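**Q** Take a look at this one; I'll ask things after.
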């Protein structure tokens, strides 16, 4: 991965060092036949999750046994959502599916203009310059949000065809669509009658949920000459009249939700910000890729309060339960951080990490140069090789969901995990 090597001197902020503390016991783990980038949805005792093996699974959360699975024509890296007895999700085959949540039977499916990954010729200046290269770090596709309005039931989702779609959630009939100038792999956020969604065209959009009309748009940074792909991969979070989101330009933004006017932005020193922020008690928690950092920022000013360093890239969105924030990293470790003490309350290693950490990590930390091991880092093939090594660690790209005293998350090792919450 050709990105910046960053040295951050933060002498006035306490940055904790990750260490291994064991969670409570593993409740169960369920094996699919592909990598899991999807995040689980928990509803009525069932965990729903997608897999790169082209299927959506329904798992009994008490036993970890499969209730049903539904197979599509492509990988499922969209995170499912459940509403009114149905579960909705997108597939890389270009369809959005609505299934009966109890049985897995198809209710309807909606065809988009097609799905694809972000990429470019000579991506990140890699060779051969004329070869088209998929962005190896474009893991997600857009996930749905329902409006919870029985009089006008709608589901909203983005697509690799560049459109945001509004579809009747009961019938699958299109109500409206909004076109951007880039792929949409971020998920929509619905707040006060507006949909907020980012696109790979570098804009954050606010769109009227009823009509599909643009309310405002805000441009983030880009670097088109060297194809750094600095669009918006993260989804937004709305809080106290503000819209919070990160972008690949290395900034985290706070905008006025009504006008789109910039309130503040925080520099991550060039590191991508790819995850959906969590917010509690006027503090925003967000994560960075290359610098491996969880940041706590003042929601009103953007000033940092503290940070915590993980062992690898952070693509797993933080989730808050009680006095702890949970998030996973690319080395296959799940963290539980105490929000008051800023200290680690627990850590959990995926099966892939347990098996391969000693071989692939340097001092228990992801080191890209270490994994290259003499390969030519100018070649795209070398980046593919390194990524395949990283996948052996069971990276946690899926975001954790906390429900009924357990934490649920997927891993690139193909497992959906259920573990007990730490009590201390």
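**Q** Restricting to segment 394-412, give me the number of residues that are assigned to a strand (DSSP E or B) and more than 15 Å from the chain's Cα centre (by Cα).
**A** First pass over segment 394-412, keeping only residues assigned to a strand (DSSP E or B): 401-403, 406-410.
Applying the additional criterion that residues be more than 15 Å from the chain's Cα centre (by Cα) yields 402-403, 406-407.
Count: 4.
**Q** Name the residue, out of 331, 301, that is outside any strand (DSSP E or B), touching a residue at least 12 places away in the same chain (Cβ under 8 Å), closer than 24 Å to residue 351 by Cβ and over 15 Å from the mean Cα position of the chain (by Cα). Show your work before the answer.
**A** Values: 301 fails: closer than 24 Å to residue 351 by Cβ.
The conditions single out 331.
**Q** Name the single residue, out of those in segment 343-377 being part of a loop (DSSP other than H, G, I, E, B) and at pLDDT 95 or above, that is surrounded by the fewest Cβ atoms within 10 Å (Cβ to Cβ).
**A** Taking segment 343-377 as the starting set, the residues that turn out to be part of a loop (DSSP other than H, G, I, E, B) are 343, 350, 361, 363-364, 366-367, 373-377.
With the extra rule that they be at pLDDT 95 or above, the set shrinks to 350, 361, 363-364, 366-367, 375-376.
Details: 350: 27, 361: 20, 363: 7, 364: 15, 366: 21, 367: 12, 375: 13, 376: 10.
This residue is 363.
**Q** From the list 309, 333, which one is buried (at least 21 other Cβ atoms within 10 Å of the Cβ) and modelled with pLDDT of 95 or more?
**A** None of the other options fit; the residue is 333.
**Q** OK, next. Just to be sure, is residue 32 at pLDDT 95 or above, under 24 Å from residue 113 (Cα atoms) and crowded, with 19+ Cβ neighbours inside 10 Å? Steps first, please.
**A** Numbers: at pLDDT 95 or above: yes; under 24 Å from residue 113 (Cα atoms): no; crowded, with 19+ Cβ neighbours inside 10 Å: yes.
Criteria not met by residue 32.
**Q** Can you find a residue in segment 34-42 that is in contact with a strand residue (DSSP E or B) (Cβ under 8 Å, 6 or more places away or on another chain) and free of Cβ contacts under 8 Å to residues at least 60 places away in the same chain?
**A** Checking segment 34-42: not a single residue is in contact with a strand residue (DSSP E or B) (Cβ under 8 Å, 6 or more places away or on another chain) and free of Cβ contacts under 8 Å to residues at least 60 places away in the same chain.
**Q** Could you grab me the full set of residues in segment 140-158 that are at pLDDT below 95 and either within 18 Å of residue 274 (Cα to Cα) or assigned to a strand (DSSP E or B) (or both)?
**A** Correct list: 140 only.
**Q** I would also like to ask the following. Taking residue 320 and the conditions (1) under 22 Å from the mean Cα position of the chain (by Cα); (2) buried (at least 20 other Cβ atoms within 10 Å of the Cβ); (3) in a strand (DSSP E or B), which numbered condition does it fall short on, given that it satisfies the others?
**A** For residue 320, the failing item is (2).
**Q** Here is a check on your reading of the model: is residue 16 modelled with pLDDT under 95, in a strand (DSSP E or B) and in contact with a strand residue (DSSP E or B) (Cβ under 7 Å, 6 or more places away or on another chain)?
**A** On the way: modelled with pLDDT under 95: yes; in a strand (DSSP E or B): yes; in contact with a strand residue (DSSP E or B) (Cβ under 7 Å, 6 or more places away or on another chain): yes.
Taking the combined requirement at face value, the residue satisfies it.
**Q** Which one of the conditions (1) closer than 19 Å to residue 230 by Cα; (2) within 16 Å of the chain's Cα centre (by Cα) does residue 133 fail to meet, given that it meets all the rest?
**A** Just one mismatch for residue 133, condition (2).
**Q** Suppose we keep only residues that are in a loop (DSSP other than H, G, I, E, B) and surrounded by fewer than 19 Cβ atoms within 10 Å (Cβ to Cβ) within segment 248-266. Which one would you say is nearest to the chain's Cα centre (by Cα)? Step through it out loud before you land on a result.
**A** The first filter runs over segment 248-266 and keeps only residues in a loop (DSSP other than H, G, I, E, B), leaving 248-250, 257-261.
Adding the requirement that they be surrounded by fewer than 19 Cβ atoms within 10 Å (Cβ to Cβ) leaves 258-261.
Numbers: 258: 25, 259: 26, 260: 23, 261: 25 Å.
If we take residues in segment 248-266 being in a loop (DSSP other than H, G, I, E, B) and surrounded by fewer than 19 Cβ atoms within 10 Å (Cβ to Cβ), then 260 is nearest to the chain's Cα centre (by Cα).
**Q** Moving on. Starting from residues that are surrounded by fewer than 20 Cβ atoms within 10 Å (Cβ to Cβ) and out of contact with any strand residue (DSSP E or B) (no Cβ under 9 Å at 6 or more places or on another chain), keep the ones in segment 137-168 and report whichever is farthest from residue 51 (Cα to Cα).
**A** Among those that are surrounded by fewer than 20 Cβ atoms within 10 Å (Cβ to Cβ) and out of contact with any strand residue (DSSP E or B) (no Cβ under 9 Å at 6 or more places or on another chain), it is 151.
**Q** Taking residue 55, is it within 15 Å of residue 411 (Cβ to Cβ), crowded, with 17+ Cβ neighbours inside 10 Å and at pLDDT 95 or above? Steps first, answer last, please.
**A** Numbers: within 15 Å of residue 411 (Cβ to Cβ): no; crowded, with 17+ Cβ neighbours inside 10 Å: yes; at pLDDT 95 or above: yes.
Considered against the rule, which asks whether it is within 15 Å of residue 411 (Cβ to Cβ), crowded, with 17+ Cβ neighbours inside 10 Å and at pLDDT 95 or above, residue 55 comes out as no.
**Q** Of all residues in segment 331-357, which are in contact with a helix residue (DSSP H, G or I) (Cβ under 7 Å, 6 or more places away or on another chain) and closer than 18 Å to residue 40 by Cα? Can you show your working first?
**A** Here is the first cut: in segment 331-357, the ones in contact with a helix residue (DSSP H, G or I) (Cβ under 7 Å, 6 or more places away or on another chain) are 331-333.
Across segment 331-357, the qualifying residues are 332, 333.
**Q** I'd like to check something: does segment 62-69 contain any residue that is out of contact with any helix residue (DSSP H, G or I) (no Cβ under 7 Å at 6 or more places or on another chain), within 24 Å of residue 391 (Cα to Cα), assigned to a loop (DSSP other than H, G, I, E, B) and modelled with pLDDT of 95 or more?
**A** yes
**Q** So, in segment 267-281, how many residues would count as being over 20 Å from the mean Cα position of the chain (by Cα), more than 16 Å from residue 230 (Cβ to Cβ) and in contact (Cβ under 8 Å) with a residue 24 or more places away in the chain?
**A** Of the residues in that region, 0 qualify.
**Q** Let me ask you something else. State which residue is surrounded by the fewest Cβ atoms within 10 Å (Cβ to Cβ) when the search covers only segment 63-116 and only residues that are over 22 Å from residue 159 (Cα atoms) and touching a residue at least 60 places away in the same chain (Cβ under 8 Å).
**A** Here is the first cut: in segment 63-116, the ones over 22 Å from residue 159 (Cα atoms) are 63-69, 84-85, 100-105.
If we keep only those that are touching a residue at least 60 places away in the same chain (Cβ under 8 Å) as well, we get 64, 84.
Details: 64: 17, 84: 11.
Restricting to residues being over 22 Å from residue 159 (Cα atoms) and touching a residue at least 60 places away in the same chain (Cβ under 8 Å), the top hit is 84.
**Q** Does segment 117-134 contain any residue that is part of a helix (DSSP H, G or I) and either at pLDDT 95 or above or within 25 Å of residue 74 (Cα to Cα) (or both)?
**A** Checked segment 117-134: at least one residue is part of a helix (DSSP H, G or I) and either at pLDDT 95 or above or within 25 Å of residue 74 (Cα to Cα) (or both).
**Q** Of the conditions (1) surrounded by fewer than 19 Cβ atoms within 10 Å (Cβ to Cβ); (2) modelled with pLDDT of 95 or more; (3) under 27 Å from residue 399 (Cα atoms), residue 220 fails just one. Which one is it?
**A** Among (1) surrounded by fewer than 19 Cβ atoms within 10 Å (Cβ to Cβ); (2) modelled with pLDDT of 95 or more; (3) under 27 Å from residue 399 (Cα atoms), the lone unmet condition for residue 220 is (1).
**Q** Let me ask something additional. Can you name every residue in segment 120-135 that is without any contact (Cβ under 8 Å) to a residue 24 or more places away in the chain and surrounded by 14 or more Cβ atoms within 10 Å (Cβ to Cβ)?
**A** If the condition is that a residue be without any contact (Cβ under 8 Å) to a residue 24 or more places away in the chain and surrounded by 14 or more Cβ atoms within 10 Å (Cβ to Cβ), then 134 is the only one that fits.
**Q** Also: Considering only residues that are touching a residue at least 60 places away in the same chain (Cβ under 8 Å) and part of a strand (DSSP E or B), look in segment 169-196 and name the one that is surrounded by the most Cβ atoms within 10 Å (Cβ to Cβ).
**A** Residue satisfying both the conditions and the ranking: 196.
**Q** Then there is this: If you check 286, 275, which single one turns out to be buried (at least 24 other Cβ atoms within 10 Å of the Cβ), in contact with a strand residue (DSSP E or B) (Cβ under 6 Å, 6 or more places away or on another chain), outside any loop (DSSP other than H, G, I, E, B) and on the phi < 0 side of the Ramachandran plot? Step through it out loud before you land on a result.
**A** Working: 275 fails: outside any loop (DSSP other than H, G, I, E, B).
Result of the check over 286, 275: 286.
The values are calculated or read from the model by the stated rules, or taken from the named source; none is laboratory data. Quick caveat, the model's predicted, so the values are computed rather than measured. Note that each Cβ is placed from the backbone with ideal geometry, even for glycine, and that neighbours are counted across all protein chains shown.
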